[in-house]
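K.L.:
My structure is below; once you've seen it, I'll send some questions.
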Amino acid sequence: MRRALTLLVSALLPLAAAPAAIAAPEPAEARAVSASTPPMGWNSWNKFGCDIDEDLIRQTADAIASSGMRDAGYTYVNIDDCWMARDRDARGRLQADPVRFPGGIKALADYVHGKGLKLGIYSSAGTHTCAGYPASLDHEEVDARTWADWGVDYLKYDNCFNEGRPALDRYRAMGEALRRTGRDIVYSLCEWGQNRPWEGLGRQVGGHLWRTTGDISDNWTSVMGILDQQVGLERYAGPDGWNDPDMLEVGNGGMTDAEYRAHFALWAVLNAPLIAGNDIRAMDDATRRILLNRDLLEVDQDWSGAQGRKVRDDGDGEVWAKPMSDGSVAVVLLNRGAGNAAVGATATELGLPSARSYRVKDLWSKEQHASAGMIRGAVPSHGAVAYRVWPGATKAAPLTSFTLTGPELVEADRPFTVSAGLVNDGTSPLLAARVQIQVPDGWVLDGSPLRETAFVRAGGSFTATWTVTARPIAAAATVRMTAAAGYRTTAGAQSRWSEIAPPLVSAPPTGANSVSGLPFVSEVNGWGPVERDRSNGEQSAGDGRPITVGGVQYATGLGVHAPSSVRVYLGSACSTFSALVGVDDEKDGRGSVVFRVLGDGEELAVTAVLPGGAAAVPVDVDVTGVRMLDLQVADGGDGNDSDHADWANATITC
Ligand code: GLA
């Protein structure tokens, strides 16, 4: 009776109190610990897809060893989909594709092991892999045994072609088969978070990590979408059971370096498995510096008993924090907005003990500063500042943030305002502070570009504001304005710098304009870039096909992928927008989307849900008086798979 009561009480305890008690994990002695920290390595999929062979895997192993990545902890060299032959061998075993992997996987594993690395492989808990190769459902024993014989150290187990059979059975069958091999194989579940594996299934089937979402793609929208889905999952992670927000896209070319730094820092505070997804053989320095940021790797690999979580959300500014086992806190200050922003949280919000001062280390620049309790940073658009914060005194200079802000776009001859704010979050004053702005030649400022103040007290700030009048340069060029700040502190002279680069816009010329020929103020796209006069090819610019909807081909227009937003400046100079809209025929009837036209934030037109294969629908909108036109496409309610949407013949008449 007492036992039953105890069980009942523990079942009622909040999950956050005892992460390890969520599911009945396998007894610790049943298998060696395979993933006591989040696994690190590389995987072929994000960069190479099915275009893989044994040379690539060998060369990648070489590059991981020679680039310093191996020594930094990147251990697993993982082959994703498409390594198998189309048929099993006479004894029912999977075999490697004889053309692309003529030496077989065992030889490859030996090679990778010889480099001091481990080899990972891929299959699906279905009849076929996602790319259509033979997979492991009902072949669990033989496949696990085959991989163990080859010396495989890691299995990523996907969810395609699962015949609708229960995930628990399918994933458990493989987990048990892996365990029976007696080999220490990391088991990575890839069921896209569909069964909330963090709540129980993941550990029940012997998984060491589980995907929490659908696939990542190499763009900011994807990374932010995945980030949003991590909120609340922190309580479920721990040694041998990690939330996996999917592999890294760092270095694959679809994001800016600032975006990649944010992606990496966020993954680190999330204790995410760090599986690089780029071409390690040809990394540029920026990519190398991101993947090899030792401070962030330390954050990722440190297990303090809690995964990092979002501690503050101010809309575009977010603060994510993770307690470290030495009592410090790792902090990521994220700016999702279009301009610079100062983002921060108090030491208390970050979970730090109360103290008179804090030592703040910038994990990118390695500079250290002293804060009185507000942990703030100047964060560029689509970027993140990463800090580690310790309570306690330091002689370092005060923590400051310096941010230049201005309008999102600039029109010639129309005055606008820019401000440069210098905030002192330190414990001592800034002396003889000078703030100076620089604008393009010929532009007019109201007064001196230099503003000075003798003293910015601890906890205070100094803001300089200018009215600027732009002169025409080339239409649509971005214009760079920079500001520098300098001041003295007890720890010596310091300088700061900030820039903005808004587009210099002008209204479209009089007459009918193809939207594909006009500059975009901004674009957001579910996959790849927005295409001009092409359909959406999902990857690089220009990779689509001629725009075709309902069997009709169109010479002009935009090819986008939901969710999408394309903003075009009209400057109140135009009268109508028209287009023929629908899902591109290249998706063979799949996909469904909704098109929406907004003027200065107000909805001017919206279509019904348009399915793939349907004829194009006309959209004609009065845009009189509209300064900013926003062409949006949302998915039709069934996920954005195949949502290749066309704004055929998109035309603005001014
Ligand atoms: C699924 C997975 C991806 C990748 C591909 C391979 O989409 O989620 O990570 O493994 O399959 O086909």
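K.L.:
For the range 340-378, which trypsin sites (Lys or Arg not before Pro) are both in a DSSP coil and crowded by at most 11 other Cβ atoms within 10 Å? Spell out each step's value before the answer.
P.N.:
Numbers: sites: Arg356, Arg359, Lys361, Lys366, Arg376; in loops: Arg356, Lys366.
Those satisfying the criteria are Arg356, Lys366.
K.L.:
Give me the percent relative contact order of the range 505-557, please, defined on Cα pairs under 8 angstrom at least 6 residues apart. Walk me through the intermediate numbers first.
P.N.:
Working: 67 pairs, mean separation 13.6, N = 53.
That works out to 26 percent.
K.L.:
Could you grab the Rg to Rh ratio for the chain? Cα atoms only, Kirkwood for Rh. Intermediate values should be presented prior to the final figure.
P.N.:
Details: Rg = 27.3 Å, Rh = 27.2 Å.
Taking Rg over the Kirkwood Rh, I get 1.00.
K.L.:
For the residue pair Arg294 and Ala454, what label-to-label distance in nm results when each label sits 7 Å from Cα along the Cα-to-beta-carbon direction?
P.N.:
In this crude spin-label approximation the distance works out to 4.5 nm.
K.L.:
Based solely on C-alpha atoms, express the radius of gyration and the Dmax of the range 43-191 in angstrom.
P.N.:
Taking only Cα atoms of the range 43-191, I get Rg and Dmax of 14.6, 44 Å.
K.L.:
Taking 60 Å as R0, compute the FRET efficiency from the Cβ-Cβ separation of Glu199 and Val552 and round it to 0.05. Spell out each step's value before the answer.
P.N.:
Values: r = 48 Å, r/R0 = 0.80.
Efficiency, from the Cβ-Cβ distance: 0.80.
K.L.:
Please report the orientation-averaged projected area of the range 359-503, defined via the convex hull of its C-alpha atoms, in nm².
P.N.:
On the way: hull surface 35.1 nm².
The number I arrive at for the range 359-503 is 8.8 nm².
K.L.:
Between Ser325 and His113, how high is the FRET efficiency from 1/(1 + (r/R0)^6) when r is the Cβ-Cβ distance and R₀ = 35 Å? Nearest 0.05. Walk me through the numbers on the way to the answer.
P.N.:
Details: r = 31 Å, r/R0 = 0.88.
E between Ser325 and His113, to the nearest 0.05, is 0.70.
K.L.:
Quick one: pull the percent of accessible area on the range 302-443 belonging to carbon and sulfur, 1.4 Å probe, ligands and nucleic acids left out.
P.N.:
Values: 2520 of 5360 Å².
Answer for the range 302-443 is 47 percent, counting heavy atoms of protein chains only.
K.L.:
Do the sum for the chain: with -39,500 (n - 2.57) for every DSSP H run of n ≥ 4, divided by all residues, what is the mean residue ellipticity at 222 nm, to the nearest 500 deg cm²/dmol?
P.N.:
Working: 12 runs with 110 residues, N = 654.
Counting only the DSSP helices, I get -5000 deg cm²/dmol.
K.L.:
Leaving out ligands and nucleic acids, and using a 1.4 Å probe, what accessible area per residue does the range 439-497 come to in Å²? Numbers along the way, then the final one.
P.N.:
Numbers: 3260 Å² over 59 residues.
I get 55 Å² per residue for this part.
K.L.:
May I ask which residue of Ala148, Gly132, Val186 lies farthest towards the positive end of the charge dipole of the range 109-206, with charges of +1 (Lys, Arg) and -1 (Asp, Glu) on Cβ and the Cα centre as origin?
P.N.:
My answer, from the dipole projection, is Val186.
K.L.:
Which trypsin sites (Lys or Arg not before Pro) in the range 412-470 sit in a loop by DSSP (not H, G, I, E or B) and have at most 13 other Cβ atoms within 10 Å of their own Cβ?
P.N.:
Values: sites: Arg434, Arg451, Arg457; in loops: Arg457.
Taking the range 412-470 and a limit of 13 other Cβ atoms within 10 Å, the loop trypsin sites (Lys or Arg not before Pro) found are Arg457.
K.L.:
OK, next. When the chain is fully extended, how far beyond the present Cα-Cα distance does Cys50 get from Asp313, taking 0.36 nm per residue of separation? Before the final figure, lay out each step's value.
P.N.:
Working: separation 263, 0.36 × 263 = 94.68 nm, distance 3.90 nm.
Full extension from Cys50 to Asp313 adds 90.8 nm.
K.L.:
Sticking with the crude label model, points 7 Å out along Cα→Cβ, report the distance from Lys106 to Phe416 in nm, one decimal please.
P.N.:
Here the answer is 6.6 nm between the modelled labels.
K.L.:
A further question follows. Nearest 20 debye, what's the magnitude of the dipole of the chain about its Cα centre given +1 on Lys and Arg Cβ and -1 on Asp and Glu Cβ?
P.N.:
On the way: 59 positive and 80 negative charges, 494 e Å.
Taking the Cα centre of the chain as origin, the dipole is about 2380 debye.
K.L.:
With N residues in the range 568-654, what two-decimal value do you get for its Cα radius of gyration over 2.2 N^0.38 Å?
P.N.:
The range 568-654 yields a ratio of 1.10.
K.L.:
On a full-extension model of 0.36 nm per residue, what is the gain between Asp641 and Asp138, subtracting their alpha-carbon distance, rounded to one decimal in nm? Before the final figure, lay out the partial values.
P.N.:
Working: separation 503, 0.36 × 503 = 181.08 nm, distance 2.84 nm.
Full extension of this stretch gives 178.2 nm more.
K.L.:
What's the whole-number percent of alpha carbon pairs in the range 138-239 lying beyond 20 angstrom?
P.N.:
On the way: 2173 of 5151 pairs.
Pairs farther apart than 20 Å: 42 percent.
K.L.:
Turning to a different aspect of this structure: Scattering from the C-alpha atoms of the range 224-366 alone, worked out with Debye: what is log10 I(q)/I(0) at q = 0.08, 0.20 1/Å?
P.N.:
-0.21, -1.36
K.L.:
Still on this structure, I have one more. Enumerate the amide H contacts of Ala342 below 5 Å, restricted to partners 5 or more residues apart or on another chain; note that Pro and chain-start residues carry no placed amide H.
P.N.:
Answer set, sorted by chain and number: Val379.
K.L.:
Identify unpaired cysteines across the chain, taking unpaired to mean no other cysteine Cβ lies under 4.7 Å from the residue's Cβ.
P.N.:
When partners are defined as cysteine Cβ atoms under 4.7 Å apart, the chain leaves Cys190 without one.
K.L.:
Something else about it: How many nm separate the modelled label positions at Gln301 and Ala605, each set 7 Å beyond the Cα in the direction of the Cβ?
P.N.:
About 5.7 nm separates the two model spin labels.
K.L.:
How long is the gain from Ala512 to Ala541 if the chain were fully straight, where each residue apart is worth 0.36 nm and the alpha carbon distance is subtracted?
P.N.:
Numbers: separation 29, 0.36 × 29 = 10.44 nm, distance 2.53 nm.
So the chain would gain 7.9 nm between Ala512 and Ala541.
The values are calculated or read from the model by the stated rules, or taken from the named source; none is laboratory data. In this text the structure is predicted, and so the values were computed from the model without any measurement. Glycine also receives a Cβ, built like all others from the backbone with ideal geometry; neighbour counts cover every protein chain displayed. SASA here: full protein model, heavy atoms, side chains in, ligands and nucleic acids out. Shrake-Rupley method; radii C 1.70, N 1.55, O 1.52, S 1.80 Å.
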